[in-house]
Amino acid sequence: MHIELRTGTPIAGTCKRINENLIKIELPDIVPTEEEIKELKVVRESGELLFDGTGYDTIYRTIENGYILSNDGSVYVPPAEPDPEPVYELTLDELKTAKKQEVSAACEQTIAKGVDVQLPGGVEHFSLTANDQINLIGSQAAVAAGEQQIAYHEDGKPCRYYTPTEISLIVQQTMFWIGYHRTYCNSINMWIQAAADKDVLQEIYYGADVPAEHQSEVLKDYLAKIAASAK
């Protein structure tokens, strides 16, 4: 079996009826022109006519190695692309809530990393996780109770005995660290709340300098003390 084009040229290929108006021809060895496939015929090797494609002169759709042809002038129309899912845009209030959560998490992480404390014997670093803060309160209570040797340890170092003076210095400097960061975070939240649009909100991050109009009186006192200690 072979296919004869309009020119009468025999070509190896297949022809299959899809429905009363469509046929599919596959011609893997040639890419015929639109004119050549009009009035095609499917013929046995003996010359017997199996199918007369006269009238199938419209390319309904181009496929790999061939065409689908129609006899009613119809052409393939691809399905419409579905409408894209609408993208939800957060409101300014929702963005403010998210920004406050962001800076609050950054504040707690910064506090937990701890601070260097100047002691008589040198600088030591103390982490300030929630458990560390509880332990420091316990050490402070031990000092208040009159103990002269309070067991504690610097980050990554073995536990040792600290004097009441050393514990007092540790508590004083770590509490300043905690107090400053929580006060700073509070002022950032006020800055966030006052933001009039999303562009202003994007400029706010933990570590940014809080504009003076959003600094609380307490934060201003902390900043003054930090500036004075740096001199």
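Just a few scattered comments:
- Charge dipole (region 130-194, unit charges on Cβ, about Cα centre) - positive-most of W191, Y152, N131: W191
- With pairing defined as another cysteine C-beta under 4.7 Å, the cysteines of the chain that fail it are C15, C159.
- Candidate aspartates and glutamates for bridging to K220, where Cα separation is under 16 Å - those fewer than 8 sequence places away on the same chain excluded: D209
- Charge context of Q140, other residues only, Cβ under 14 angstrom, K/R +1, D/E -1: -3
- Here the Kirkwood formula puts the hydrodynamic radius of region 5-91 at 14.7 Å, using every distinct Cα pair.
- Exposed-loop-free span, longest in the chain, where GluC sites (Glu not before Pro) count as exposed if DSSP calls them loop and at most 13 other C-beta atoms lie within 10 Å: 90-202
- Nearest-0.05 FRET efficiency for V75 and L49, computed from C-beta distance (R0 35 Å): 0.80
- Surface/4 estimate of mean projected area, convex hull on alpha-carbon atoms of region 115-231, nm²: 9.2 nm²
- Here region 49-105 is treated as a Stokes sphere of Kirkwood radius computed over C-alpha pairs; at 20 °C and 1.002 mPa s its diffusion coefficient rounds to 127 µm²/s.
- Here semi-axes √(5λ) of the Cα gyration tensor in Å was calculated from the structure, and among (i) 28, 22, 15; (ii) 88, 24, 13; (iii) 49, 18, 15 it sits at label (ii).
- In plain terms, the chain from K100 to A145 could stretch by 12.2 nm, reckoned as 0.36 nm per residue minus the Cα-Cα distance.
- Per-residue Karplus couplings for region 183-200, computed as 6.51 cos²θ - 1.76 cosθ + 1.60 with θ equal to phi - 60°, are listed in order as 5, 4, 4, 4, 5, 4, 4, 5, 4, 4, 4, 7, 4, 8, 8, 5, 5, 5 Hz, Gly and Pro entered as x.
- Rg(Cα) / (2.2 N^0.38 Å) computed for region 183-228, rounded to two decimals: 1.17
- Potential extension, K16-Y88 segment - 0.36 nm per residue separation minus Cα distance: 21.0 nm
Each value in this text was obtained by applying a stated rule to the coordinates, not by laboratory testing. Nothing here was measured: the structure is a model prediction, and the numbers come from that model. As a convention, Cβ positions derive from the backbone with ideal geometry for all residues, glycine included, and neighbour counts pool all protein chains shown.
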